[in-house]
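Asker: I'd like to ask some things about the structure below.
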Amino acid sequence: MNRQRGASRLEFAITVAIFGVLAALLLQRLALIEEDTERVEVDLTIRNIRTGIQLAIGERIMRGEEDRLAEVAAASPVDMLGKHPRGFVAERAASAAGEWAYDPQRRELSYLPRQPQAFGNADELRWRYVARTDANGKVFGASLVRLN
């Protein structure tokens, strides 16, 4: 009797098909993980900016410098972070995926997602930096408001 050495063509084809299915499942899962990661990164950046705004306002209130709260409201919200987020472009509008930008004239922070499907297929995420004022027009705070 002749003994066959190695795998037959059928066995090889089945093995390749199984690896193909496993690779497709792995790639699909990696894409979902990338989307989740970007969502978390953006959420944490916005939370950190909001926390920085609150800290800047709180410091001035604790020092009795309420008259300097307008400085916080006039500054860039990104300056409230210890360092700029990854992909921040200060001098121009965001033009590439993964870039953050702040427009001081419109007082808008924007982000161009690398994975738009993670944000409901949004091409751009935007927030407006607004000063909170009392009835007399005196600044008592500032906040970052989502626009889209």
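Asker: Sort all Cα-Cα distances of segment 9-146 into consecutive 10 angstrom bins from zero, then give the percent of pairs in each bin up to the one containing the longest distance.
Answerer: 11, 32, 23, 15, 8, 6, 3, 1, 0
Asker: Step through the residues of segment 85-96 one at a time and calculate ³J(HN,Hα) from phi using the Karplus curve (6.51 cos²θ - 1.76 cosθ + 1.60, θ = phi - 60°), rounding each to whole Hz and writing x for Gly and Pro.
Answerer: The phi angles translate into x, 4, x, 7, 10, 8, 8, 8, 6, 4, 10, 10 Hz.
Asker: Which values of log₁₀ I(q)/I(0), to two decimal places, follow from the Debye formula for segment 1-90 at q = 0.14, 0.17, 0.18, 0.23 Å⁻¹ with a uniform point scatterer at every Cα?
Answerer: For segment 1-90 at q = 0.14, 0.17, 0.18, 0.23 Å⁻¹, log10 I(q)/I(0) is -0.71, -0.85, -0.89, -1.09.
Asker: Right, next: Given the DSSP H assignment, sum -39500 (n - 2.57) over each helix run of at least 4 residues in the chain and divide by its residue total; what's the result at 222 nm in deg cm²/dmol, nearest 500? Don't jump to the answer; show the numbers that get you there.
Answerer: Values: 2 runs with 60 residues, N = 148.
The helix-only estimate for the chain comes to -14500 deg cm²/dmol at 222 nm.
Asker: List the residues whose amide H sits under 5 Å from the amide H of G141, counting only those 5 or more places along or on another chain, with H placed 1.01 Å from N in the peptide plane.
Answerer: Here R132 satisfy the definition.
Asker: Hey, can you grab everything whose amide H is under 5 Å from the amide H of S76? Only 5+ residues off in sequence or another chain; H modelled, so Pro and N-termini drop out.
Answerer: Amide H to amide H, under 5 Å and 5 or more residues apart or across chains, S76 pairs with nothing.
Asker: Right, next: Counting only GluC sites (Glu not before Pro) that sit in a DSSP loop (anything but H, G, I, E, B) with at most 13 other Cβ atoms within 10 Å, what is the longest stretch of the chain containing none of them?
Answerer: Details: sites that count: E65, E91.
Within the chain, the longest run free of exposed GluC sites (Glu not before Pro) spans 1-64.
Asker: OK, next. From the phi angles alone, apply the Karplus equation (6.51, -1.76, 1.60; θ = phi - 60°) to segment 72-79 and give each ³J(HN,Hα) in whole Hz, x where the residue is Gly or Pro.
Answerer: Each residue's phi maps through the Karplus curve to give 5, 5, 8, 6, 6, x, 5, 5 Hz.
Asker: Next up: With a point put 7 Å past each Cα toward its Cβ, work out how far R39 is from Q105 in nm, to one decimal.
Answerer: It works out to 3.5 nm between the two label points.
Asker: If you put +1 on each Lys and Arg Cβ and -1 on each Asp and Glu Cβ, how big is the dipole of the chain around its Cα centre, in Debye rounded to 20? All intermediate terms of the calculation are to be shown ahead of the outcome.
Answerer: On the way: 21 positive and 20 negative charges, 103 e Å.
With Lys and Arg at +1 and Asp and Glu at -1, about 500 debye.
Asker: Does anyone have the angle between helix 9-62 and the longest principal axis of the chain? Alpha-carbon axes, 0 to 90°, nearest 10?
Answerer: On a 0 to 90 degree scale, this one is about 10.
Asker: In whole Hz and in residue order, list the ³J(HN,Hα) couplings for segment 121-136 that follow from phi through the Karplus curve 6.51 cos²θ - 1.76 cosθ + 1.60, θ = phi - 60°; x for Gly and Pro.
Answerer: 3J(HN,Hα) across segment 121-136, in whole Hz: 6, 6, 7, 8, 10, 9, 9, 9, 9, 10, 8, 9, 10, 8, 4, 8.
No lab work stands behind these numbers, since they all come straight from the coordinates. The structure displayed is predicted, hence computed values, not measured ones. We place every Cβ from the backbone using ideal geometry, glycine too, and count neighbours over all the protein chains shown.
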